[in-house]
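The values are calculated or read from the model by the stated rules, or taken from the named source; none is laboratory data. Quantities reported herein were computed from a predicted structural model and do not represent experimental measurements. Virtual Cβ from ideal backbone geometry, glycine too; neighbours counted across all protein chains shown.
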Amino acid sequence: MTFEDLGLEPSTLKAVAESGYTEPTPIQEKAIPIALMGRDVMGIAQTGTGKTACFTLPMIDILSSGRSKARMPRALILCPTRELAAQAADNFAKYSKYADLSMALIIGGTSFTDQERALNKTCDVLIATPGRLLDLFERGKILLNDVKYFVIDEADRMLDMGFIPDVERIAKLVPTLRQTLFFSATMDKQIKRLSEAFLMNPKEVAVDAPSTTATTITQALIKTTVSDKGDTLRKLIREEGIENGFVFCNRKKDVDILFKSLTKHGINAIALHGDMPQSKRTEMLATFKTGIAGLLVCSDVAARGLDVAAVPYVINFDVPNNAEDYVHRIGRTGRAGMQGKAFTLAVPADSKMLLSIEKLIGGPIPPVGPARDSKTSATPVEKKSAKQENKIKRDKIDGGTKDSAPSEPLKTKDQPSAAPIEENKPETSQAVTIQQPTVSQTKMPELQKKEQAPRRQKRDRSRHDPDVGVMDHGEDVLAFGAHTPSFLKVEPYVADAAEPTGTIEQPAS
Ligand code: ADP
Ligand code: MG
């Protein structure tokens, strides 16, 4: 099928062709003709499958016959984060090149004055985050009575971030007689219920199987320990030669810590999280997009749905606290048919979460090399002194090599040198060695087919910060900063029989 077959206007087709798209993605094929008919659409497709164009292209054609009044937009697109809203705005600008339509972007963290000024002019399309839109509405700066085309994008994320009450309020402010389009990367009972609340007799379009994105992602699991995580990450970056990619942390404060640590170790990185002022977030994203920034250390919310082309790697420094976040995170690579690799660092305490992820993706994440030498891994869980505990906390990201230093096979000169082994240090140190994780060595299979509808984990909304829109995952995060390192509370990791054991070979140099 071609874009011409979808029924779009010639001017829109011209802009699409200039974007370099030759054919519609499966979700576009299904959703665009229905949207053009004026029907409500519920679109479900994985991240990176081109959902933005599903609502943007028909919107441009639908709005082209008509005019808006000042402060009275005819289309409203709601996005959960500022970055996603900005991205939708970029898409709109690109596709509406030959249409005479104006747009205002209403997002938090930027000046009210500029946004109010944009609203005072005629504005056909409003692209907004829910909080800022309500602020402006309450100040009387905007009227939603003329909205005929209403889009709720990334509905699952809206739900995760606690924005649904805001979205419900906004939905009541727009006329009941409207066309509504609702998009989500995942689908479960809650999403279904929500769609029923917002949509009228919708046509449901779903692209179930992971499409191009997923099949081009090679996944790998690297088992490590909390204290060795930082070191493991640096080794991975160096051995795999990772120069460009996302590094995900579960908590925003860890984003900063890890970013500083990587920088200190001479690794080219920048950070992005929701606590940063918007100007800084925009700057970071722009820098990252140029490719010169190397690694982008980020939190889930900051990176959700971001469309950064050609990112070859995703590293989960922390196993996400939600199985669906795993799918979203790794969906940052392997986009638009390109090959991508996704590495996940897991500590023993992550085993439960890993099971839930593996259930969701329909198979195991292939392990890469042994997390620990099997001969040395059977270290019993010992009671550590407070001093040891504190030291471990300090070393978790930065350094983290002291325990493993004596048996570290792949030390590079800019990694911290081995510190004296602590008193009472058992001989069976928890050494982490990483094998060069190449495809040939590991035969990492492609992403397993997503066989079942994802199940949403229950989340703690109490830490939800509506302005920055960031969830602090809180105490269920078993990572640095926890009062008692989680690995002290759990059974030590024992490599299972299927895994390669023994110290890994050094790559031939
Ligand atoms: P989603 O919202 O599903 O996560 P996006 O709309 O952000 O996905 O699109 C993901 C990427 O795919 C973007 O870089 C977009 O420009 C690109 N894209 C969208 N549609 C097409 C297409 N038909 N052909 C090629 N690339 C496309
Ligand atoms: Mg999207």
Based on this model, can you work out whether LYS94 counts as basic (Lys, Arg), buried (at least 23 other Cβ atoms within 10 Å of the Cβ) and assigned by TED's automatic domain parsing to the domain that holds PRO175? no
Is the stretch 183-198 home to any residue that is more than 16 Å from ligand 2 (Cβ to nearest atom), assigned by TED's automatic domain parsing to the domain that holds ASP153, under 18 Å from PRO58 (Cα atoms) and of a type outside the set (A, V, I, L, M)?
no
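For the stretch 58-105, how many residues are assigned to a helix (DSSP H, G or I), within 14 Å of ligand 1 (Cβ to nearest atom) and of a type outside the set (A, V, I, L, M, F, W, C)? Please lay out each step first, then the result.
Narrowing the stretch 58-105 to residues assigned to a helix (DSSP H, G or I): 58-63, 82-95.
Retained after the next criterion (residues that are within 14 Å of ligand 1 (Cβ to nearest atom)): 58-59, 83-95.
If we keep only those that are of a type outside the set (A, V, I, L, M, F, W, C) as well, we get 58, 83, 87, 90-91, 94-95.
Residues that pass the stated criteria total 7.
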If we ask which residues in the stretch 47-57 are more than 6 Å from ligand 1 (Cβ to nearest atom) and among the aliphatic types (A, V, I, L, M), their number turns out to be 1
Taking the stretch 162-182 and the residues there that are of a type in the set (A, V, I, L, M) and within 16 Å of ligand 2 (Cβ to nearest atom), the one that is surrounded by the fewest Cβ atoms within 10 Å (Cβ to Cβ) would be VAL167
When restricted to VAL147, VAL151, the only residue in the same structural domain as THR52 (by TED's automatic domain parsing), more than 16 Å from ligand 2 (Cβ to nearest atom) and modelled with pLDDT of 95 or more is VAL147
Picking from THR47, THR52, the residue that is among the polar types (S, T, N, Q), farther than 26 Å from PRO10 by Cα and within 10 Å of ligand 2 (Cβ to nearest atom) would be THR47
Among strands (runs of 3 or more DSSP E) completely within the stretch 197-263, the ones holding 2 or more residues that are at pLDDT 90 or above and more than 22 Å from PRO312 (Cβ to Cβ) are 203-207
In the stretch 31-46, anything within 13 Å of ligand 1 (Cβ to nearest atom) and either under 16 Å from SER195 (Cα atoms) or buried (at least 24 other Cβ atoms within 10 Å of the Cβ) (or both) is listed as ALA31, ILE32, GLY43, ILE44, ALA45
Going through the stretch 54-68 in order, the residues found to be over 11 Å from SER96 (Cα atoms) and not β-branched (Val, Ile, Thr) are CYS54, PHE55, SER65, GLY66, ARG67, SER68
Please verify whether the stretch 232-239 includes one or more residues that are charged (D, E, K, R), surrounded by fewer than 22 Cβ atoms within 10 Å (Cβ to Cβ) and either within 20 Å of the chain's Cα centre (by Cα) or closer than 26 Å to GLU358 by Cβ (or both). yes
If we ask which residues in the stretch 17-40 are more than 14 Å from ligand 2 (Cβ to nearest atom), under 22 Å from GLU154 (Cβ atoms) and either modelled with pLDDT under 95 or out of contact with any Pro (no Cβ under 6 Å at 6 or more places or on another chain) (or both), their number turns out to be 8
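Going through the stretch 6-20 one residue at a time, which ones are within 14 Å of ligand 1 (Cβ to nearest atom) and without any contact (Cβ under 8 Å) to a residue 24 or more places away in the chain?
If the condition is that a residue be within 14 Å of ligand 1 (Cβ to nearest atom) and without any contact (Cβ under 8 Å) to a residue 24 or more places away in the chain, then LEU13, ALA17, GLY20 are the ones that fit.
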**Prompt:** Would you call ILE44 assigned to a strand (DSSP E or B), over 14 Å from SER96 (Cα atoms) and touching a residue at least 60 places away in the same chain (Cβ under 8 Å)?
**Reply:** yes
Among LYS223, LYS192, LYS172, LYS252, the single one that is among the charged types (D, E, K, R), over 21 Å from the mean Cα position of the chain (by Cα) and farther than 30 Å from ALA35 by Cβ is LYS223
